[in-house]
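What follows is one structure encoded as structure tokens, with my remarks underneath.
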Amino acid sequence: MDTWTADIWNENEGECKKTLNEPGNWEKIPLLFDDKTTLGSLVRFKGMIQDMLNPEYYSSSFTIINAENEEVASRRAKYHSSTQNIQPGEEVVFGNALMERQIIACIPIPGLNEWAKEIANANQNVEVEDNTSKRIRLDPACQKYSKEIFIFVYPEDFDTNDLKVNQIVEVVGFLDRRTIQEDNENLHEQSSIAKETHCIHAVQLKLLKTLISENEESKNLIWNEASNIHAELKLVLTQALLGDSLVADYLLFYLISTTYNRQHNLVPGKFSLNIRGIPESIDKNYTKHLYSLISYLVVKSEYLSIQIHTLNNMDMIPRKCYTSNRLLNGLLQLSDRTHLVLDETDLQPGNLDSKGMQNFEALKNIISNQQMKYDFTYYGMDYETQIPVLTLSIGKSILPYDIDIVLKPDPSCSNVEETMNSVHGYLKSQLHLLDKLRKYIAIISTFPFNYDEDILKVIEHDYVEMRKADPKNVSGDDLHRFMMISRLIALCSGKNEFNKEIWESGKSLENQRNLRNKETIH
């Protein structure tokens, strides 16, 4: 495979595909690292689709005619951006048959946490370049690699209708260069700058739902040990939440939750959480410590301090630049299951300008509807998201939420720095457990779940009784929340359906939460 070129692939496509798809061969393809990678070589790249450009047409074949000896050579143009190695005296004649290819712009995966990068790097069977003349090729998705890559996808090789903005893709193809027009970001100067950038002609492309290994053996191991892993994770979160085991339950639910069966404006499974009542007297860096722990457990996450100047100045919403005909990235353009943590503990009074209001509304829309309206200047276009949102605040959050709960630290956990260091130290000393916790968070809620007819009758009866007892304060939203909590309790313990005991546990947790919130001065 090291010697494959686009021409070799074109001439031996069937045989090359068979070789590439043999177990272990995909992983042997070198990952694109830097500008020194040889053009025309077969490379692998992993990233997020940031924009989808208009398809382009290309001539499927061309002929090279040598004017001196009248030799004629035919070439296929697939997997090439231009004719190459044309010598003096040679003329290129393009064929009449036109083919189409889709162009997608990919960027390194936003929010990918350091541990995930390190694991991806450690899994590469490659060499390292240092003083001993070794060489390493690291995944650009797994380090601070900021360059955009254009992927050419050929409809005859892959159904381009399956491609969507914000998806994670892994592609194998031939490296090339392409000149593009880029917005110069100067609002007073309506022009664009031509620049050369890498592009990859894809021979195969995979859509990745998770960056965690999902082989059946690994999934079954997590499922079978779910109850024990759940107990360990709750212990870790309880300590990180300064001894508050009730809030630990809800933070755990937030970490594993995922949306499912999305229909119209309904987003079942959405679990936006507001942990409030964070004492002003404790370490002012407590929320950053807590985020640090979350980023140590989940594959992808982003932290955002909610302040007036942040909302007024930050580019959160992707916007269309018509000068370069490109979608420009925003902070909130994230792939599915990127945990977004919003910190309101430093929020001070102030006024939002028009940009600040747009950013604020974008955050509200993600939390409430799991949608974001991208800015196309003359109109907005809604894109579905799957971004779990956690808000940390002193009082009630200024943003919406599905569930809020007051933090009640244990007095014995007054030294925040020492407590959080202890949590990290424990995890670092238990690497096998840490690996299980990470896989558990990533995949436990992806298992199928069933609702037995008998338990549905119990739920219906209980809901009717709750409505009779308190018709003004019990609604369909409460029923959905009770069912969602019970479902998460069941999954946490490795059960794919819940019984009456789990249903009662869900109601009990909610009653404890509501009682605590009522006892706290708002």
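When the charge dipole of the chain is built from unit charges on Cβ atoms (+1 for Lys and Arg, -1 for Asp and Glu) and taken about the Cα centre, the candidate among Pro400, Gln50, Val247 whose Cα reaches farthest toward its positive end is Val247.
Computed from Cα atoms, the angle from the helix 245-256 axis to the main principal axis of the chain rounds to 20 degrees.
FRET efficiency for the pair Ala469 and Asn12, taken as 1/(1 + (r/R0)^6) with r the Cβ-Cβ distance and R0 = 60 Å, rounds to 0.25. Each helix, a run of at least 4 DSSP H residues, gives -39500 (n - 2.57); summed and divided by the residues of the chain, these come to -10500 deg cm²/dmol at 222 nm. Rolled with a 1.4 Å probe across the full set of protein chains, the surface gives His230 an accessible area near 40 Å².
Kirkwood radius for region 402-522, taken over all pairs of different Cα atoms as the inverse mean of 1/r, rounds to 17.3 Å.
Counting every C-alpha pair in the chain, the share spaced more than 43 angstrom apart comes to 27%. For Asp478, the accessible surface of its heavy atoms amounts to roughly 30 Å² (probe 1.4 Å, protein chains only, rounded to the nearest 10).
In this simple spin-label model, placing a label point 7 Å from the Cα along the Cα-to-Cβ direction at both Leu479 and Arg262 gives a separation of 2.5 nm.
In the chain, the DSSP beta bridges split such that about 70 percent are antiparallel, to the nearest 5. Set the Förster radius R0 to 22 Å, insert the Cβ-Cβ distance between Thr179 and Tyr57 as r into 1/(1 + (r/R0)^6), and round the FRET efficiency to 0.05. FRET efficiency, Thr179 to Tyr57: 0.80.
For the chain, the longest principal axis of the Cα atoms and the long axis of helix 453-469 meet at an angle of about 50 degrees. Subtracting the Cα-Cα distance of Lys518 and Ala231 from their residue separation scaled by 0.36 nm leaves 100.5 nm.
Candidate cross-link partners of Lys209 among the lysines, defined by an alpha-carbon separation under 17 Å and a same-chain spacing of 8 or more, comprise Lys46, Lys117, Lys164, Lys219, Lys300, Lys439. The stretch between Glu100 and Ser245, if pulled fully straight at 0.36 nm per residue, gains 46.5 nm over its current Cα-Cα span. Ligands, DNA and RNA are left out, and with a 1.4 angstrom probe the accessible area of the chain is 50 Å² per residue. Between 0 and 90 degrees, rounded to the nearest ten: what's the tilt of helix 500-519 against the longest Cα principal axis of the chain? Here the helix axis deviates by roughly 70 degrees. Share of carbon and sulfur in the accessible area of the chain stands at 48%, probe radius 1.4 Å. This model, with +1 at the C-beta of Lys and Arg and -1 at the C-beta of Asp and Glu, gives the chain a dipole about its Cα centre of some 1120 debye. Label sites at Glu504 and Gln307, each approximated as a point 7 angstrom past Cα along Cα to Cβ, lie 5.0 nm apart. Dipole magnitude for region 249-381: computed about the Cα centre from +1 point charges on Lys and Arg Cβ and -1 point charges on Asp and Glu Cβ, it is near 500 debye. The heavy atoms of Tyr379 present about 110 square angstrom of accessible area, all protein chains included, probe 1.4 Å.
The values are calculated or read from the model by the stated rules, or taken from the named source; none is laboratory data. Quantities reported herein were computed from a predicted structural model and do not represent experimental measurements. For neighbour counting, all protein chains shown are included, and Cβ atoms are generated from backbone atoms with ideal geometry for every residue, glycine included. In case anyone asks, the SASA skips ligands and DNA or RNA and just uses the protein heavy atoms, side chains included. Shrake-Rupley method; radii C 1.70, N 1.55, O 1.52, S 1.80 Å.
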